[in-house]
Every structure is written in structure tokens, then in C-alpha cells.
Amino acid sequence: MVRQAVWGALGLAVLAALAPVPAEAQRRGRRGAEELKLALLAPEGTSWARLMHEFDAELRRRSGEALGLRLYLGGVQGDEKVVLRKIKVGQLHGGAFTGMGMGEIVSEVRALELPFQYDSYAQVDHVRQRLDARLRERFRAGGYELLGWFELGFVHLFSTRPIRTVQDVRSAKPWVWEGDPLAEAYFKAFEVSPTPLPLPDVLTSLQTGLIDTVYQSPMACVGFQWYTKLSYMSDLPLACATGGLLLKRSVFERLPREHQELLRELGEQYSARVIQLTREENEAAKQTLQEHGIRIVPFDAAESATFREYGKQVSYQLAGEGTGKLFPRALLDEVYAWLAETRDKAGAD
């Protein structure tokens, strides 16, 4: 069940390009409904896919069958960079993206995934709420409408040997998602040269020993079957992986005002359901991992503080203006202030 629920093609992508989207009259689907073509990495049969089908059904019902979604599931339209290119040239209208894909449009979104800085979902929610309006405007300026936030949950280090110290990381052979500047910078701070790979190559590389350490959410580790080649999960979260549902702004603005408002309403409604479902399924996946022999490695306070300091160094290395920078330093200062607020509140409670 958990295996089916995973946002599966965070790497289970089947790269099958489809024909370009034709002109306006040919973008209409069953019963004359105009269909928005959205690409998702989540495969058919998953909880995420089920919710998106429900989104589509409610959108059609409430629009009087005038508007619907055509969902391309399971990564059939390619990985996130390929999907973004297809949206740009009009072959697709939008899709669901991880933080890495969203960061290709608005790099500041990666401030929601700072390494070793988020301790709880309360912190994640607090910072996202504070940044929400600003990031939505940045996406609009970049040519997209953000219909709702998604979430992949807290990401942990999984390995063949226990990792609880900086030296353990330096002795590892870690994987990094190809093209992810935040993860690459994190490992470089530990003086480690990770092996960049696309997600579909990770399991094979674990089998051959090319890598022995990965980072992912518990439910994704189950869904990808990576846990069958691993033995340990570090309990200190590396990050909380974010995501979102994006629609090309020019497509959104062509729609009647009532359909724009309906999309915004349903986008918020279903994204909230996805986030809650993801959190529940990640907890269930932890239990599944332990049942299959994965041992959770605790961190003592001193080591946790060391990892947090490394993460903070990485964050500020990527803050500023110019090439290679992900977010303005002032924004990062704000994020750390908001994180402190949540910690102070938790302490007071």
C-alpha cells in the first residue's frame, strides 16, 4: 500500500515524448471540455494520482463540463527539465514539480529545503506561509501560476553503513540528484564528491556498489525499492522536500475569470489533501522500513548541531546575487528568523 502511495516517478520516469498540443479547438476533450494538459511524475494507481483524478472530476462537475484536466502520469512526458521545455513550446500546459523543478523557474523556492534546518512540520508550514504570497508573485513573473503547494516530506540519509558523524559522510559514496545545486553544495561542504545520477539509475548503482548512500523520503525509499539494498536511515532530517502544481500563466489568463477562481480554489483544496496524505504515508513508510530490517540511526545533540552548522554554511554560500546563487541573503535572513520564532514558540509551549 505504501509502495503504491509513493510519488513514484520522483524517478520512475518513462521518457516517451508525445505530439505537440494542437491549436485551441483541438485542446478540447470529452463532451467539449477544454482540457489542461498536466504532466506528473506520480504513476497511475498511487494516492497522488487518485487525488488528481478527483481534482479533475470536481473541476469538470463545477465548471459544467467546460473545463477539465488531461493527466500524463508516471513521467511519460519525461523528467522535470523536459516537461518545462515542453511547457515553454506549448506541448504541455503545466504539471506537478518537486522543489528542484520549481527552482528552475524561481530559485528562491529552495529556501523551503535548507539542509538540516527544519525540525518539524510546524516549521515547514510557518515558513511556507510567510513566503507564500512572495513566491506566487515570483512564479507569475516567471510565466507560471502556482495552483497549490505539494510536499514529499522529510528527507533522510539512507546508507549501507550507519551515518551519524561528519566523518561517516566523508567515508560514504553518496548519490546526488543530477542537476541539483543545493544537494551538490551540501556534499561539497562535507568535502565529498557525490556521484550525480538521474533517479532511474539509483537502484542499479546501489546494486553495483557505485554508491552506498542516498537521500529521500521514507515513502520514496520504499516505493523505489532502494531499501532492499540499504541498511540504515539517519533520524536527523536532511530537508523537507517541497513541490507544487504549476500552470503556464498565458494559459491560465486565457480562461474565463470564473474558471481561474475555480482552479485556484480546487488547487488549494487538493494540495492541502496531498500534503496531509504525504505526511501520513511517510510515517507508515517508516514502520514498513523497520519491518524490513532498516535500522534508524540516532544523532546525539552535539552531532546534530554540527550537521546544522554545515547546513547553515551551505545556505549562506548559496545566498546573494549573481550566478550560482539561489536566493537573496536578505530572504535567507528572514527564513532563519522565522525558524527561530517557531523554536521559541515550541520552547514556550
Inset, instruction - With a point put 7 Å past each Cα toward its Cβ, work out how far Thr306 is from Lys325 in nm, to one decimal. - result: 3.2 nm
Legend entry - Contour minus Cα-Cα distance for Asp125 and Asp201 (0.36 nm per residue): 24.1 nm
Inset, instruction - Please arrange Leu277, Leu199, Leu41 by counting, for each residue, the other beta carbons lying within 10 Å of its beta carbon, fewest first. - result: Leu277, Leu199, Leu41
Inset, instruction - Note the angle between two axes, namely the Cα long axis of helix 257-291 and the longest principal axis of the Cα atoms of the chain, as a number of degrees from 0 to 90, rounded to the nearest 10. - result: 30 degrees
Legend entry - Dipole in debye (nearest 20) - the stretch 2-348, about Cα centre, beta carbon charges: Lys, Arg +1; Asp, Glu -1: 800 debye
Inset, instruction - Work out how much length Ser250 to Ala57 would gain on full extension: take 0.36 nm times their residue separation and subtract the Cα-Cα distance, in nm to one decimal. - result: 67.1 nm
Legend entry - Listed residues Ile105, Leu236, Thr288: farthest to the positive end of the dipole of the stretch 2-348 (Cβ charges): Ile105
Legend entry - Mean separation of Cα contacts under 8 Å (6+ apart) over length of the chain, as relative contact order %: 23 percent
Legend entry - Long-range amide H partners of Gly68 with built H, under 5 Å: Glu34, Glu35, Leu36
Inset, instruction - May I ask you to sort Met100, Met219, Met52 by Cβ crowding, counting other Cβ atoms within 10 Å and putting the fewest first? - result: Met52, Met100, Met219
Legend entry - Neighbour-count order for Ile105, Ile163, fewest beta carbons within 10 angstrom listed first: Ile105, Ile163
Inset, instruction - Given a cut-off of 21 Å, name the pairs among Lys81/Lys325; Lys286/Lys312; Lys86/Lys248; Lys81/Lys248 whose C-alpha atoms lie farther apart than that in the structure shown. - result: Lys286/Lys312
Inset, instruction - Rounded to whole Hz and in sequence order, give me ³J(HN,Hα) for the stretch 323-337 from the Karplus expression 6.51 cos²θ - 1.76 cosθ + 1.60, θ = phi - 60°, writing x for Gly and Pro. - result: 4, x, 9, 9, 8, x, 4, 4, 5, 5, 4, 4, 4, 5, 5
Inset, instruction - Evaluate the distance, in nm, between pseudo-label points positioned 7 Å from the Cα of Glu137 and of Ser171 along their respective Cα→Cβ axes. - result: 5.0 nm
Legend entry - Per-residue ³J(HN,Hα) for the stretch 195-212, Karplus 6.51 cos²θ - 1.76 cosθ + 1.60, θ = phi - 60°, Hz, x for Gly and Pro: 9, x, 8, x, 4, x, 8, 5, 4, 4, 5, 5, 5, 7, x, 4, 10, 9
Legend entry - Placed amide H near Val155: partners under 5 Å, 5+ positions off or other chain: Leu238, Ala239, Cys240, Ala241
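Lys and Arg at +1, Asp and Glu at -1: add these up for the other residues within a Cβ distance under 10 Å of Leu262 and post the number.
With Lys, Arg at +1 and Asp, Glu at -1, the net is -1.
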Inset, instruction - Of the listed values [x] 30, 58, 12, 0; [y] 30, 55, 15, 0; [z] 23, 35, 22, 13, 5, 2, 0, grab the one calculated as P(r) over Cα pairs in 20 Å bins from 0, in percent from the structure here. - result: [x]
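Readers should treat all values here as calculations from the given coordinates under stated rules, not as data from a laboratory. Because the structure is a prediction, the values reported are computed rather than measured. Because the Cβ atoms are built from the backbone with ideal geometry, glycine has one as well, and the counts that use them run over all protein chains shown.
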